[in-house]
Amino acid sequence: MPGKMTNTDDAKNKVDSSTSVPSELETLRHIVFGEAQADIDERIAQLETSMQNSFERAESAVNQHVQDLTNAMQKGIEMLTEKVNSVDQHHEDKTSELQSYADKLSSELEMSDAAGKQDSDELHNRVDKEVAQLTEKYDARFAEALERLDQVTKELSSTKTDRKTLAKLLATMAVNLETDED
């Protein structure tokens, strides 16, 4: 019975076809989709290469950008460090200048104080000498006036002049004493 298949033939065909099916299916696929599959595989390979190149370019650009940022930050840090050092040096210079000015003022003040003390001592000594001289002159004049007064008193008592003459004489001596003291 060649036109009819029996169950055993059918099962046998199924077993044969199941082992031959994958290869037939693959062959059929290759025939139907083979060219399209090859195009898709080639397209995927091109996309993969393109994507790989794009990733490498992006990575290179990112690395360059990071390097540029690092360099810019380093330059900024160096500039700020230089500026801080410059300001620090300027501050130290000003501090040194102020310290030397303070030292100079202190020295001048000490010299002025010493000169003032010396001038004060000299003035005090001069005043003491003048006071001593004036006291000495005053004491001498006072003693002289007392002596004259004694002498006049003795003369008056010996000559027995009247009281009016004595009063005039004493008034004249008082006036003379006042003018001598000035």
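Read-outs: derived from the displayed coordinates by stated rules, not from any lab. Note that the structure is a prediction, hence the values are computed from the model and not measured. Heads up, the Cβs are rebuilt from the backbone with ideal geometry, glycines too, and the neighbour counts pull from every protein chain shown.
Listing for the model above:
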item: Integer Hz, Karplus 6.51/-1.76/1.60 couplings in order for the stretch 117-130, x for Gly and Pro; result: 5, 5, 4, 5, 4, 4, 5, 4, 4, 4, 5, 4, 5, 5
item: Kirkwood-based shape ratio for the stretch 7-181, expressed as Rg/Rh from alpha carbons; result: 2.10
item: Simple Cβ-charge dipole of the stretch 7-181, Lys/Arg +1 and Asp/Glu -1, about Cα centre, in debye nearest 20; result: 1700 debye
item: Charge-dipole axis of the stretch 7-181 as Lys and Arg at +1 and Asp and Glu at -1 on Cβ define it, positive-most pick from THR153, ASN63, LEU177; result: THR153
